[in-house]
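> Following this message is one structure expressed as structure tokens.
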Amino acid sequence: QQPVQSPQAVILREGEDAVINCSSSKALYSVHWYRQKHGEAPVFLMILLKGGEQKGHDKISASFNEKKQQSSLYLTASQLSYSGTYFCGTENDDTNAGKSTFGDGTTLTVKP
Amino acid sequence: DGGITQSPKYLFRKEGQNVTLSCEQNLNHDAMYWYRQDPGQGLRLIYYSQIVNDFQKGDIAEGYSVSREKKESFPLTVTSAQKNPTAFYLCATEGGYGYTFGSGTRLTVV
């Protein structure tokens, strides 16, 4: 079951914050986040596993809410380099091991 | 440096032709995947393999075939049965801590 990401797109000024959500209709085992620049491959940001709640490095962090079957990615004090499309990938409890499904992405544009 | 090498970067296919996309990894990861990405859309799973000589169909396997004869290699063949193959193809591995993606192959039907 494909996770649903929201919003589809967001435009920010440098220094502003953003939140991207990833929701599943089934119980989540893991959520992982990626950023993709135009024409390039997605780059891994972080992974959250069932039982863990929050993770982060620098000004990008994420939370995992098992009850809501949802993960959120937080980008604080955004920089121009944060621009790109953010994808979440999810593994559900009943998914074949190692098979993730990706959302359609959230396009983030950071302007000077 | 460990990583994934996809080739070619750009590929043009004529109608009715089979083409093969290469994916090689030196990360020593067991699991390998092929995804298709259409403009403005997410990643859709074509095939995946968790061990040598074994692979499973993903959500959009029709018109594609794969092999996994070596741990390092997972080539994807786009057959003539795939009616709309123009897309960006990404190979990935998974080693227990998120996916690592190759740089992709952009396939265009001419």
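> Work out how far the C-alpha atoms of chain B reach from end to end along every principal axis, then list the three figures in whole Å, largest first.
Principal-axis extents of the Cα atoms in chain B, largest first: 37, 25, 22 Å.
> Considering chain A as a Gaussian network with a 10 Å cut-off on Cα pairs, which listed residue, A:A27, A:A41, A:A18, attains the greatest mean-square fluctuation?
The residue that fluctuates most here is A:A41.
> Let me ask another. Number of Lys pairs in chain A with C-alpha atoms less than 19 angstrom apart, excluding same-chain neighbours closer than eight positions?
Qualifying lysine pairs in chain A: 12.
> Starting from the Kirkwood radius over alpha-carbon pairs of region B:1-56, derive D by Stokes-Einstein at 20 °C in a medium of 1.002 mPa s and give it in µm² s⁻¹.
It comes out at roughly 160 µm²/s.
> Highest GNM mean-square fluctuation, chain A, Cα pairs closer than 10 Å: which of A:K50, A:K26, A:K67?
Result for chain A, Cα springs under 10 Å: A:K67 fluctuates most.
> Relative to 2.2 N^0.38 Å, what does the C-alpha radius of gyration of the protein assembly as shown come to as a ratio? Two decimals please.
Cα Rg divided by the expected 2.2 N^0.38 Å: 1.02.
> Could you please rank B:E24, B:E69, placing first whichever residue has the fewest other Cβ atoms within 10 Å of its Cβ?
Lowest count first: B:E69, B:E24.
> Hey, another quick one. Per residue of A:34-44, count partner chain C-beta atoms within 10 Å of its C-beta, then hand back the mean as an integer.
5
> State the Kirkwood hydrodynamic radius of chain A in Å, one decimal place, computed from all pairs of distinct Cα atoms.
14.0 Å is the Kirkwood radius here.
> To the nearest 20 Debye, how big is the dipole of the protein assembly as shown about its Cα centre, given +1 on the beta carbon of each Lys and Arg and -1 on that of each Asp and Glu?
It works out to roughly 400 debye.
> Turning to a different aspect of this structure: What is region B:38-88's relative contact order, in percent, from Cα pairs under 8 angstrom and six or more apart in sequence?
About 29 percent, as a whole number.
Bear in mind these aren't lab numbers, they're just calculated from the coordinates by the rules spelled out. Since we're looking at a predicted model, the values are computed, not measured. Every residue, glycine as well, gets a Cβ built from its backbone with ideal geometry; the counts of neighbours run over all protein chains shown.
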